[in-house]
Amino acid sequence: KMMQNVRPAPETNEDDLYSGYNDYNPMFDTEDLENDVAFQQAARTSHGRRPPVTAKIPATSSPRPLATGFGAGFCSATLTSSMGRPMTGTIQDGISRPMTAVQAAGYTKAAVRGSSFDPLGQARGPASPLEKKTSDSLEEKMRQLEKKVNELVEESCVANSCGDLKLALEKAKEAGRQERELLRQREQIAPPESINLDLTYTVLLNLASQYVANEMYAEALTTYQVIVKNKMFSNGGILKVNMGNIYLKQRNYSKAIKFYRMALDQITSSHKQMRIKIMENIGVAFIKTGQYVDAIASFEEIMNISPNLKAGFNLILCYFAIGNGEQMKKAFKNLIEVPLEVDYVEDKYISLNDDLHMNLLIEAIKNDSLSQIERERKSLAEEYIMTAAKLIAPAIETSFAVGYDWCVDAVKASHYVELANDLEINKATTYLRQQNFNQ
């Protein structure tokens, strides 16, 4: 109805649209709206749907008069915000109440004269201190208990290294009791996956080791069985070596061989030295039981992978036990060809000049730990070779003299040239025992 009395703009050309814009309003004519029946009817019927105006006149308690017309009174009676919307705030005693949308900035509905703006809440004073973690919590108790178990294991190891085996065992047992209590408490509040398996493995392994040190072999085997049978310990199978060692000490060679072989199946080829040590123990156990053929298989495998003096000498013993002369010769050659991995020569510690600094240096390294290792390894190699030569000389040839000569020639062709003279003297001593004075 409002749009029925709107008069259309007269036809204009393109130039008039810009030149006469300020002189003529082409949209509405509001000069005669008060006498327009249709407009007044529309205003009266839409009045009931308007939102009430809650703003009050300043310094009074009466609300503003409701505007019923579209005249100047409408603009003076309505408070509008910066967005053009009616404000819902009230004015009390000359103080404007802020809109509820800004309460988060620090305003309150109960604002009174004299109140200050405090968005940070500084008037409330300092914040209360953080609550301290109580030591009575179950998690804290378990953490302290786990620390105590680790300390007991360390004390047990220290006591063992100091030679106090009884104290070491007591500490290991106490660590086991504390660790079991820790497991019971943890199972009450956490799933089984949260159990510290490394700590359990450490406690059991240390306890078994202390049993062995105190020669309590039955208890040690029981403890090792607990570790080996638990599938959660991924590396538990290697401890079958320890069980094999116990059976070897008990002279239960068949069980020792069984556990050594099971341990060998658990160890990958990347741990070459560990596998070689286990195969040496298997070979020794076979010698103890008189199974020389099986022992030969173990020692030959070692000599093919990583030859060493002990395996080479044991191989000669096995061939001597079965009386195989040709294999004894072959094994003897392999023995003298084992690299010592040292370069010990007495002459290198003799100074050939008068350089004081060099003489002091040579004197310092002549008897250091590395030189001692070199001498010990060279002395061990000579002992193995001399013993093997005296053993096989009568068995590899038709007579003792021929066999000994073969051994001397084999040694002269190796890097043990100076050892050949010792073999010659040993040969002469043997003739002397036989009362063959001419030889």
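The values are calculated or read from the model by the stated rules, or taken from the named source; none is laboratory data. Keep in mind that what you see is a predicted model, and the values were worked out from it rather than measured. Methodologically, a virtual Cβ is constructed for each residue, glycine included, from the backbone with ideal geometry; neighbour enumeration extends over all protein chains shown. Keep in mind that these areas ignore ligands, DNA and RNA; they rest on the heavy atoms of the full protein, side chains included. Shrake-Rupley method; radii C 1.70, N 1.55, O 1.52, S 1.80 Å.
A few notes on this one:
Let's see how each residue does on (1) of a type in the set (Gly, Ala, Ser); (2) surrounded by fewer than 20 Cβ atoms within 10 Å (Cβ to Cβ); (3) under 30 Å from residue 322 (Cβ atoms):
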{"position": "220", "(1), (2), (3)": "yes, no, no"}
{"position": "259", "(1), (2), (3)": "no, no, yes"}
{"position": "283", "(1), (2), (3)": "yes, no, yes"}
{"position": "286", "(1), (2), (3)": "no, no, yes"}
{"position": "291", "(1), (2), (3)": "no, yes, yes"}
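- Matching residues in region 172-205 - criterion: being under 23 Å from residue 243 (Cβ atoms), charged (D, E, K, R) and open to solvent by 50 Å² or more (accessible area, probe 1.4 Å): 173, 180, 198
- Just one of the numbered conditions (1) surrounded by 12 or more Cβ atoms within 10 Å (Cβ to Cβ); (2) closer than 19 Å to residue 330 by Cα; (3) charged (D, E, K, R) is not true of residue 409: (1).
- If you check 399, 369, 379 for being open to solvent by 70 Å² or more (accessible area, probe 1.4 Å) and hydroxyl-bearing (Ser, Thr, Tyr), only one passes: 369.
- Listed by position, the helices (runs of 4 or more DSSP H) contained in region 271-389 that have at least 2 residues being not assigned by the TED database to the domain that holds residue 403 are 272-288, 292-305, 309-322, 325-336.
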